[in-house]
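Derivation of every value follows stated rules applied to the coordinates shown; laboratory data play no part. What you see is a predicted model, and the numbers here were worked out from it, not measured in a lab. For neighbour counting, all protein chains shown are included, and Cβ atoms are generated from backbone atoms with ideal geometry for every residue, glycine included.
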Amino acid sequence: MAHQPVGALRRAHTAPIFVIVAMLLGAVVLAGCAGQEQSGTPSVRVSTWVSGAGGGAAIGSIEVDSRNIDQALAHHNSAAAIKEVCALLTNDAETAIGQLPTPDNELTNDLNNAYEDGAAAGDDCYKGAGSTPSLLKRSAEERKKLVPLITTALDRIVALTGHTPSTSTTQPADSSDPFGGNT
């Protein structure tokens, strides 16, 4: 039987310890990175979420995309141009869905309903551009439903925080205020 050097045996026995320690340190670091929206009062948690990636800018993007589709259709843009704005609505809605859940279940449901409707409206618009008026009509109906769905979500944010969130798609000068200075 061949003998292994003593150092090789020590390394073989200590390697699992290093892996375990590395995994524990990684878990501690990841736990420390947990979003601030997971602690504090409901108002603080939702305010923190609104100021993050899932907040008002996502809502604003969906609103702007929907209006851009209306403009492209009203100006009789080419099918390719219409498809482009429709695809943007779908992409932004699906991205916004990926930023859920919020710290509040009701708000999550409200936004999920709005974003799913936005994604469906974008899909129907894209498929209907230039070839299927019935899909464009269905997209228009879905976009009309989008406004009250977003309003319901915004009303929930106001109810929880006491503030109307900024839905601007550009960052305010003082980006530390998730409500864009609104009270």
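Assorted remarks:
- Fewest-first sequence of 82, 62 by Cβ atoms within 10 Å of each Cβ: 82, 62
- Normalising the average separation of contacting C-alpha pairs (under 8 angstrom, six or more residues apart) by the number of residues puts the relative contact order of segment 116-166 at 29 percent.
- Computed from phi, the 3J(HN,Hα) profile of segment 145-151 under the Karplus parametrisation 6.51, -1.76, 1.60 (θ = phi - 60°) reads 5, 4, 4, x, 5, 5, 4 Hz, with x in place of Gly and Pro.
- Applied to segment 158-166, the Karplus parametrisation 6.51 cos²θ - 1.76 cosθ + 1.60 on θ = phi - 60° returns per-residue 3J(HN,Hα) values of 4, 4, 7, 10, x, 10, 8, x, 6 Hz, with x for Gly and Pro.
- Applied to segment 103-113, the Karplus parametrisation 6.51 cos²θ - 1.76 cosθ + 1.60 on θ = phi - 60° returns per-residue 3J(HN,Hα) values of x, 10, 4, 5, 5, 4, 4, 4, 5, 4, 4 Hz, with x for Gly and Pro.
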